[in-house]
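The values are calculated or read from the model by the stated rules, or taken from the named source; none is laboratory data. This is a predicted model, so every value here is computed, not measured. Counting neighbours? That spans all protein chains shown, and the Cβs are built from the backbone with ideal geometry, glycine included.
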Amino acid sequence: MNSEYKNIIKDADTAVLFIHGILGTPRHFDFLLPLVPDGWSAWSILLPGHGGTYLDFANSSMDKWKAYCEKALLELCDSHRRVILLGHSMGTLLSVYLAEKHPDKVSEIFALAMPLCPHLTPVAMAGCIHLIYSSPDRAKGYFLSCHQACSIALTKNLFAYLRWIPRYLELFALARETREIMSTLKAYCVAIQSRHDELVAFRSIKFTGNAETIVLPHSRHYYYSEKDRKTIEDAFLKFIDRLT
(Lines give C-alpha, C1' and ligand atoms only; values in the text may rest on other atoms or scores of the structure.)
Protein backbone atom coordinates (compact mmCIF):
# COMPACT_ATOMS: atom_id res chain seq x y z
CA MET A 1 0.00 0.00 0.00
CA ASN A 2 2.81 2.43 0.91
CA SER A 3 5.41 1.16 -1.52
CA GLU A 4 7.26 3.47 -3.87
CA TYR A 5 6.06 4.11 -7.38
CA LYS A 6 8.85 4.30 -9.93
CA ASN A 7 8.29 4.52 -13.66
CA ILE A 8 11.47 5.42 -15.55
CA ILE A 9 10.90 5.99 -19.26
CA LYS A 10 13.86 5.20 -21.48
CA ASP A 11 15.21 8.32 -23.20
CA ALA A 12 12.78 10.55 -21.27
CA ASP A 13 13.81 14.19 -21.16
CA THR A 14 11.91 15.07 -17.95
CA ALA A 15 11.24 13.33 -14.63
CA VAL A 16 8.98 14.21 -11.71
CA LEU A 17 10.18 13.35 -8.21
CA PHE A 18 7.33 13.17 -5.68
CA ILE A 19 8.27 13.66 -1.99
CA HIS A 20 5.66 13.03 0.71
CA GLY A 21 5.41 14.63 4.13
CA ILE A 22 6.24 13.53 7.65
CA LEU A 23 4.37 10.29 8.54
CA GLY A 24 3.18 10.37 4.95
CA THR A 25 2.91 7.99 2.04
CA PRO A 26 3.60 8.02 -1.71
CA ARG A 27 -0.12 7.28 -2.12
CA HIS A 28 -0.90 10.92 -1.33
CA PHE A 29 -0.01 11.75 -4.93
CA ASP A 30 -2.19 9.10 -6.56
CA PHE A 31 -4.52 11.74 -8.01
CA LEU A 32 -1.64 13.63 -9.66
CA LEU A 33 0.37 10.73 -11.06
CA PRO A 34 -2.04 10.17 -14.00
CA LEU A 35 -1.48 13.80 -15.03
CA VAL A 36 2.25 13.27 -15.61
CA PRO A 37 2.64 13.44 -19.40
CA ASP A 38 3.31 10.31 -21.38
CA GLY A 39 7.02 10.13 -22.05
CA TRP A 40 7.95 11.64 -18.67
CA SER A 41 9.43 9.55 -15.87
CA ALA A 42 7.87 9.61 -12.41
CA TRP A 43 9.19 8.48 -9.05
CA SER A 44 7.14 8.75 -5.86
CA ILE A 45 9.54 7.88 -3.05
CA LEU A 46 9.01 6.43 0.43
CA LEU A 47 11.23 8.17 2.95
CA PRO A 48 13.30 6.11 5.43
CA GLY A 49 11.40 5.18 8.58
CA HIS A 50 8.05 5.43 6.80
CA GLY A 51 5.79 2.59 5.77
CA GLY A 52 6.75 0.63 8.92
CA THR A 53 6.25 0.85 12.67
CA TYR A 54 6.28 3.85 14.99
CA LEU A 55 9.72 2.69 16.15
CA ASP A 56 11.06 2.69 12.57
CA PHE A 57 9.98 6.29 12.32
CA ALA A 58 11.48 7.24 15.69
CA ASN A 59 14.82 5.74 14.65
CA SER A 60 14.99 7.66 11.40
CA SER A 61 16.16 11.27 11.05
CA MET A 62 16.04 14.40 8.93
CA ASP A 63 19.59 13.69 7.75
CA LYS A 64 18.45 10.33 6.41
CA TRP A 65 15.48 11.93 4.68
CA LYS A 66 17.65 14.59 3.07
CA ALA A 67 20.19 12.03 1.94
CA TYR A 68 17.53 9.75 0.45
CA CYS A 69 15.93 12.61 -1.48
CA GLU A 70 19.29 13.82 -2.74
CA LYS A 71 20.24 10.34 -3.89
CA ALA A 72 16.97 10.03 -5.81
CA LEU A 73 17.44 13.46 -7.38
CA LEU A 74 20.98 12.72 -8.53
CA GLU A 75 19.94 9.34 -9.90
CA LEU A 76 17.23 10.98 -12.01
CA CYS A 77 19.59 13.76 -13.11
CA ASP A 78 21.98 11.17 -14.49
CA SER A 79 19.42 10.12 -17.10
CA HIS A 80 17.12 13.16 -17.49
CA ARG A 81 17.76 16.73 -18.60
CA ARG A 82 15.13 18.17 -16.24
CA VAL A 83 13.86 16.96 -12.86
CA ILE A 84 10.75 18.56 -11.35
CA LEU A 85 10.17 18.30 -7.61
CA LEU A 86 6.63 17.84 -6.34
CA GLY A 87 6.23 17.76 -2.56
CA HIS A 88 3.57 17.72 0.11
CA SER A 89 4.14 19.25 3.56
CA MET A 90 7.64 18.28 4.73
CA GLY A 91 8.25 17.11 1.17
CA THR A 92 8.05 20.75 0.06
CA LEU A 93 10.74 21.72 2.58
CA LEU A 94 12.96 18.91 1.33
CA SER A 95 12.31 20.09 -2.23
CA VAL A 96 13.47 23.61 -1.38
CA TYR A 97 16.51 22.15 0.39
CA LEU A 98 17.45 20.26 -2.78
CA ALA A 99 16.82 23.29 -5.00
CA GLU A 100 19.06 25.43 -2.80
CA LYS A 101 21.82 22.82 -2.68
CA HIS A 102 21.61 21.91 -6.38
CA PRO A 103 20.41 25.04 -8.22
CA ASP A 104 21.86 23.68 -11.46
CA LYS A 105 19.71 20.55 -11.19
CA VAL A 106 16.37 21.86 -9.84
CA SER A 107 14.58 24.73 -11.56
CA GLU A 108 10.91 23.91 -10.81
CA ILE A 109 8.98 22.99 -7.64
CA PHE A 110 5.28 22.22 -7.23
CA ALA A 111 4.51 22.52 -3.52
CA LEU A 112 1.42 21.42 -1.60
CA ALA A 113 0.91 22.72 1.95
CA MET A 114 4.30 24.26 2.67
CA PRO A 115 4.67 24.12 6.49
CA LEU A 116 6.62 27.35 6.77
CA CYS A 117 4.76 28.16 9.98
CA PRO A 118 3.63 24.87 11.55
CA HIS A 119 0.93 24.93 14.21
CA LEU A 120 -1.34 22.48 16.01
CA THR A 121 -5.09 23.05 16.17
CA PRO A 122 -7.93 21.20 17.94
CA VAL A 123 -8.90 19.73 14.58
CA ALA A 124 -5.40 18.28 14.16
CA MET A 125 -5.49 16.84 17.69
CA ALA A 126 -8.83 15.21 16.95
CA GLY A 127 -7.33 13.71 13.80
CA CYS A 128 -4.39 12.30 15.78
CA ILE A 129 -6.70 10.72 18.36
CA HIS A 130 -8.78 9.20 15.58
CA LEU A 131 -5.67 7.80 13.93
CA ILE A 132 -4.50 6.12 17.13
CA TYR A 133 -7.76 4.80 18.53
CA SER A 134 -10.15 4.33 15.60
CA SER A 135 -10.26 2.06 12.59
CA PRO A 136 -10.04 3.54 9.08
CA ASP A 137 -13.01 1.35 8.19
CA ARG A 138 -15.16 3.59 10.37
CA ALA A 139 -13.66 6.89 9.18
CA LYS A 140 -15.21 9.36 6.78
CA GLY A 141 -14.33 12.74 5.32
CA TYR A 142 -11.48 14.48 7.10
CA PHE A 143 -10.74 11.55 9.42
CA LEU A 144 -10.53 9.15 6.50
CA SER A 145 -8.05 11.46 4.78
CA CYS A 146 -5.87 11.33 7.91
CA HIS A 147 -5.78 7.53 7.81
CA GLN A 148 -5.06 7.49 4.09
CA ALA A 149 -2.19 9.96 4.52
CA CYS A 150 -0.40 8.06 7.31
CA SER A 151 2.02 5.24 6.46
CA ILE A 152 3.06 4.45 10.05
CA ALA A 153 1.73 1.51 12.08
CA LEU A 154 0.76 3.32 15.27
CA THR A 155 0.58 2.25 18.91
CA LYS A 156 -2.00 3.12 21.56
CA ASN A 157 0.80 3.70 24.08
CA LEU A 158 0.96 7.50 24.07
CA PHE A 159 4.28 7.57 25.93
CA ALA A 160 5.90 5.82 22.93
CA TYR A 161 5.42 9.00 20.89
CA LEU A 162 7.89 10.86 23.10
CA ARG A 163 10.52 9.23 20.91
CA TRP A 164 9.11 11.18 17.98
CA ILE A 165 9.96 14.57 19.50
CA PRO A 166 13.45 14.78 17.88
CA ARG A 167 11.93 14.17 14.45
CA TYR A 168 9.48 17.04 14.86
CA LEU A 169 12.15 19.35 16.25
CA GLU A 170 14.15 18.63 13.09
CA LEU A 171 11.06 19.44 11.02
CA PHE A 172 10.55 22.77 12.80
CA ALA A 173 14.22 23.64 12.28
CA LEU A 174 13.94 22.89 8.55
CA ALA A 175 10.81 25.06 8.37
CA ARG A 176 12.74 27.98 9.86
CA GLU A 177 15.60 27.46 7.40
CA THR A 178 13.18 27.28 4.48
CA ARG A 179 11.50 30.56 5.45
CA GLU A 180 14.90 32.23 5.06
CA ILE A 181 15.55 30.56 1.69
CA MET A 182 12.19 31.31 0.04
CA SER A 183 12.88 35.01 -0.50
CA THR A 184 15.94 34.20 -2.63
CA LEU A 185 14.89 30.86 -4.11
CA LYS A 186 15.92 30.74 -7.77
CA ALA A 187 13.70 27.81 -8.75
CA TYR A 188 10.26 28.57 -10.17
CA CYS A 189 7.77 27.51 -7.51
CA VAL A 190 4.01 27.07 -7.32
CA ALA A 191 2.83 26.95 -3.70
CA ILE A 192 -0.67 25.70 -2.97
CA GLN A 193 -1.88 26.41 0.57
CA SER A 194 -5.14 25.37 2.25
CA ARG A 195 -7.06 28.16 3.96
CA HIS A 196 -8.15 25.86 6.82
CA ASP A 197 -4.97 23.80 7.20
CA GLU A 198 -4.96 22.31 10.70
CA LEU A 199 -1.18 21.82 10.73
CA VAL A 200 0.10 24.83 8.79
CA ALA A 201 -0.74 28.39 9.84
CA PHE A 202 -2.20 30.44 7.01
CA ARG A 203 0.41 33.12 7.65
CA SER A 204 2.85 30.76 5.91
CA ILE A 205 1.87 32.48 2.65
CA LYS A 206 3.77 35.56 3.87
CA PHE A 207 6.98 33.58 3.51
CA THR A 208 6.44 31.99 0.10
CA GLY A 209 8.63 34.66 -1.50
CA ASN A 210 8.37 34.83 -5.27
CA ALA A 211 6.39 31.61 -5.52
CA GLU A 212 3.12 31.67 -7.41
CA THR A 213 0.76 31.10 -4.48
CA ILE A 214 -2.70 29.54 -4.80
CA VAL A 215 -5.16 29.32 -1.88
CA LEU A 216 -7.60 26.43 -1.49
CA PRO A 217 -10.62 27.90 0.33
CA HIS A 218 -12.32 24.65 1.36
CA SER A 219 -9.49 22.25 2.22
CA ARG A 220 -7.19 21.15 5.03
CA HIS A 221 -3.74 19.60 5.21
CA TYR A 222 -4.69 16.19 3.85
CA TYR A 223 -8.33 16.66 2.97
CA TYR A 224 -9.26 18.37 -0.31
CA SER A 225 -12.77 19.30 -1.32
CA GLU A 226 -13.77 18.12 -4.77
CA LYS A 227 -13.56 21.66 -6.16
CA ASP A 228 -10.17 22.32 -4.55
CA ARG A 229 -8.77 19.03 -5.82
CA LYS A 230 -9.76 20.15 -9.31
CA THR A 231 -7.92 23.43 -8.64
CA ILE A 232 -4.76 21.47 -7.76
CA GLU A 233 -5.07 19.33 -10.88
CA ASP A 234 -5.59 22.38 -13.10
CA ALA A 235 -2.63 24.15 -11.49
CA PHE A 236 -0.42 21.11 -12.08
CA LEU A 237 -1.48 20.90 -15.72
CA LYS A 238 -0.75 24.62 -16.14
CA PHE A 239 2.61 24.05 -14.43
CA ILE A 240 3.37 21.29 -16.95
CA ASP A 241 2.23 23.41 -19.89
CA ARG A 242 4.66 26.11 -18.83
CA LEU A 243 7.49 23.59 -19.16
CA THR A 244 6.40 22.15 -22.47
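Observations
- Of all the residues in the stretch 127-166, those that are out of contact with any helix residue (DSSP H, G or I) (no Cβ under 7 Å at 6 or more places or on another chain) and of a type in the set (D, E, K, R) number 3.
- TRP43 being buried (at least 17 other Cβ atoms within 10 Å of the Cβ), within 15 Å of the chain's Cα centre (by Cα) and within 20 Å of ARG163 (Cβ to Cβ): no
Conditions tested, residue by residue: (1) of a type in the set (Val, Ile, Thr); (2) within 16 Å of the chain's Cα centre (by Cα); (3) part of a helix (DSSP H, G or I).
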| site | (1), (2), (3) |
| --- | --- |
| PHE143 | no, no, yes |
| ALA175 | no, yes, yes |
| THR178 | yes, yes, yes |
| ARG220 | no, yes, no |
| THR231 | yes, no, yes |
| ARG242 | no, no, yes |
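- Filtered residues of the stretch 121-178 (kept if crowded, with 16+ Cβ neighbours inside 10 Å and of a type in the set (D, E, K, R)): ARG167, GLU170
- Screening ALA111 with (1) assigned to a strand (DSSP E or B); (2) touching a His at 6+ places or on another chain (Cβ under 9 Å); (3) within 18 Å of LYS6 (Cα to Cα) gives one miss only, at (3).
- Screening GLY127 with (1) over 22 Å from LEU169 (Cβ atoms); (2) assigned to a helix (DSSP H, G or I) gives one miss only, at (1).
- Some residue of the stretch 155-173 being closer than 21 Å to ASN2 by Cα, of a type in the set (Ser, Thr, Tyr) and either without any contact (Cβ under 8 Å) to a residue 60 or more places away in the chain or not in a helix (DSSP H, G or I) (or both): yes
- Test for SER89: is it at positive phi, out of contact with any Ser or Thr (no Cβ under 9 Å at 6 or more places or on another chain) and at pLDDT 95 or above: yes
- Breaking point among (1) in contact with a Ser or Thr (Cβ under 7 Å, 6 or more places away or on another chain); (2) closer than 21 Å to ALA149 by Cβ, for ARG82: (2)
- Hits in the stretch 207-223 (condition: in contact (Cβ under 8 Å) with a residue 60 or more places away in the chain and more than 16 Å from LEU93 (Cβ to Cβ)): ARG220, TYR222, TYR223
- Answer residue from the stretch 186-216, given it is touching an Asp or Glu at 6+ places or on another chain (Cβ under 7 Å) and farther than 23 Å from THR25 by Cα and is surrounded by the fewest Cβ atoms within 10 Å (Cβ to Cβ) among those: TYR188
- Pairing residues of the stretch 10-34 that are under 14 Å from LEU112 (Cα atoms) with residues that are among the aromatic types (Phe, Trp, Tyr) and surrounded by fewer than 18 Cβ atoms within 10 Å (Cβ to Cβ), at Cβ distances under 7 Å and at least 6 apart in sequence or on separate chains, gives PRO26/TYR5.
- The one condition in (1) in contact with a strand residue (DSSP E or B) (Cβ under 7 Å, 6 or more places away or on another chain); (2) among the aromatic types (Phe, Trp, Tyr); (3) touching a residue at least 40 places away in the same chain (Cβ under 8 Å) that TYR97 fails to fulfil: (1)
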